[in-house]
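Since the structure comes first, as structure tokens, the remarks are kept for the end.
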């Protein structure tokens, strides 16, 4: 490893990554990206970008390294930037499985992917370590923004079941060249509902197929 590679080691986070670069001849291009586009904290532009987003994709893995990818949404700024090294997002009522939260309890590593489909079509990767925090803990944290403490005391569908606080370890752009621009249309949102119609019902027909497979009495 040369001096330049040593300086960029914090961003070269796996031997597999370096092996792939050697296999496909992308080492020089990767080095330029590490040097010019990767950082270990959220700069002002990144913080403003996150504050405008209404959705984020996230990846987690359990202690056995079995992965899960999920999606979170809310009003613009529902992911709160606490400072350049910390952000937080609420876990709203879902199907009760708590797959992402469960993974974080076993393995704190997390990857967040913000994509602006409506304007710039640019994305932002944020990788780091996460921890699960209860509403009661958030309310007691004086350093937490008042909006988060207020949300923790809400009733109804947008009441968080808990929060996830992420310590940022690396952040970098996802280029816009293959990201489609989309148009936002009106849709009535039903926060926290258990209504099957509003949730999508048995869209993939797993429940109905299982019912059909049951032996008749």
Within segment 84-98, the residues that are out of contact with any helix residue (DSSP H, G or I) (no Cβ under 9 Å at 6 or more places or on another chain) and loosely packed, with under 14 Cβ neighbours inside 10 Å are 96, 97
Tell me, yes or no, whether segment 59-75 has at least one residue that is within 25 Å of residue 190 (Cα to Cα) and in contact with a helix residue (DSSP H, G or I) (Cβ under 6 Å, 6 or more places away or on another chain). yes
Report the residue count in segment 137-167 for those that are in a loop (DSSP other than H, G, I, E, B) and surrounded by 14 or more Cβ atoms within 10 Å (Cβ to Cβ). 7
Would you mention how many residues in segment 21-68 are at negative phi and not in a helix (DSSP H, G or I)? 22
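Readers should treat all values here as calculations from the given coordinates under stated rules, not as data from a laboratory. This structure is a prediction, so every number in the text was calculated from the model and none was measured. For neighbour counting, all protein chains shown are included, and Cβ atoms are generated from backbone atoms with ideal geometry for every residue, glycine included.
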